[in-house]
Amino acid sequence: MKRLPTQQLVPGMVVADDVMNSNHQLILSKDTVLTDALIMKLDLYGVLTIHVKDKILAQPESQPAPTGPSYFERVKKSPQFQIFKKVYEEEVDSFKGMLNNVVEKNTQLDVKELLSRSLMMVTDAHGHISILDMLHNMREYDDSTFAHCLNVGLICNVFAHWLQFSEEDIEMVTACGLLHDVGKLLVPRDLITKPGKLTDLEYYQVKKHSFEGYQLLMSQNIDKHICNAALMHHERCDGSGYPQGLKDNEIDRYAKMVAIADVYDAMTSARVYRAPICPFKVIEIFETEGLQRYDVAYVLRFLENIVDTYIQNRCRLSDGREGTIIFINKPKLSRPVVQCGDIYVNLAEEPDLCIDTLL
């Protein structure tokens, strides 16, 4: 038996102990064989690590890969992405230096400078490829708290535009996303990577990163919403989150948005066994597991806008057929209508089919 971070889990691994959330509700039972969907479920519930057995079971053979480059492979080869990648890498390094100075040297955090650099990335990236699609391909930084915070800040910025926020509110939620996980820099890394079972005290220390971040930001005398996002981004509207088990209106509205962006970034992150994941698979996990946990008005608007991005996009179904996404089923966003030649496939009426890949 070994303990692994969620990012290192692979389909076929077997859960060694029951996995519970902060309210001691069962998420996965002991002896469950992990699938890609179950690993994403752990991300959705904010599970950082689990115990798995040493033996990995064989997985069913996947569908043969489509001929030609996939949608995300084409994104990665585009000139727009190459420019974004260069700026992104520079910004991660700059962001890292800024936050390390705050944590290690107690320097004053310049939120305006932090925002101006990030907002410039969003402005420069406007084009036919969305920020979210480009972030799908920036996954060599996945284990970095700095890159994750930058990702969440950029996703929050896009999210706020979808909600038609004022410029002031867009800047505020962007800053909340950029700084939401700063508390992880104060948690000893050996606790995150410890191979054995955590003691109750150690587990408490890991979960305390939200409170540590809140205290650090409060000492910086910056806006309360930014501090609240650090404290509350693991809170859930049904009361199943931590550290305080807050519900609904007890949670800062910006923190609710950060929570959605945070888990979306985690669920779309690269794994050792796969390339960037199809957004429709992520949306399906949100629909089946997350609608009660997140502010419904926010999460539905977020998912609807992601889906709208892919209207008229080519895709490959789980049975191997290829077609074009032509209509969105709002009651079931993950299951649109796909035109395959002369046949219209309504995935809302085909429970055994799903979109496997964007082409």
The stretch 116-157, subset farther than 25 Å from Leu185 by Cβ, outside any loop (DSSP other than H, G, I, E, B) and open to solvent by 10 Å² or more (accessible area, probe 1.4 Å), residue modelled with the lowest pLDDT: Asp124
Test: Glu304 is of a type outside the set (A, V, I, L, M, F, W, C) and closer than 30 Å to Ser240 by Cα: yes
Pair list, Cβ under 7 Å, 6 or more apart: the stretch 21-37 residue more than 20 Å from Pro11 (Cβ to Cβ) and open to solvent by 40 Å² or more (accessible area, probe 1.4 Å), other residue of a type outside the set (Asp, Glu) and not in a loop (DSSP other than H, G, I, E, B): Leu26/Met20
Matching option when the condition is farther than 18 Å from Pro69 by Cβ and either modelled with pLDDT under 95 or aromatic (Phe, Trp, Tyr) (or both), among Ser318, Ser334: Ser318
Elements of type helices (runs of 4 or more DSSP H) contained in the stretch 190-267, each with 3 or more residues being within 20 Å of the chain's Cα centre (by Cα): 209-219, 224-232, 253-267
Matching residues, the stretch 329-345, being more than 15 Å from Pro279 (Cβ to Cβ) and either in contact (Cβ under 8 Å) with a residue 60 or more places away in the chain or among the hydroxyl-bearing types (Ser, Thr, Tyr) (or both): Tyr344
Selection count where residues are of a type in the set (Ser, Thr, Tyr) and closer than 27 Å to Ala160 by Cα, scope the stretch 101-119: 2
Residue tally, condition within 18 Å of Leu216 (Cβ to Cβ) and either open to solvent by 10 Å² or more (accessible area, probe 1.4 Å) or in contact with a strand residue (DSSP E or B) (Cβ under 8 Å, 6 or more places away or on another chain) (or both), over the stretch 83-101: 5
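The values are calculated or read from the model by the stated rules, or taken from the named source; none is laboratory data. The model shown is predicted, which means the values in this text are computed figures rather than measured ones. Quick reminder, even Gly has a Cβ in these numbers, built from the backbone with ideal geometry, and neighbours come from all protein chains shown. Areas reflect the complete protein model, heavy atoms only, side chains present, ligands, DNA and RNA absent. Shrake-Rupley method; radii C 1.70, N 1.55, O 1.52, S 1.80 Å.
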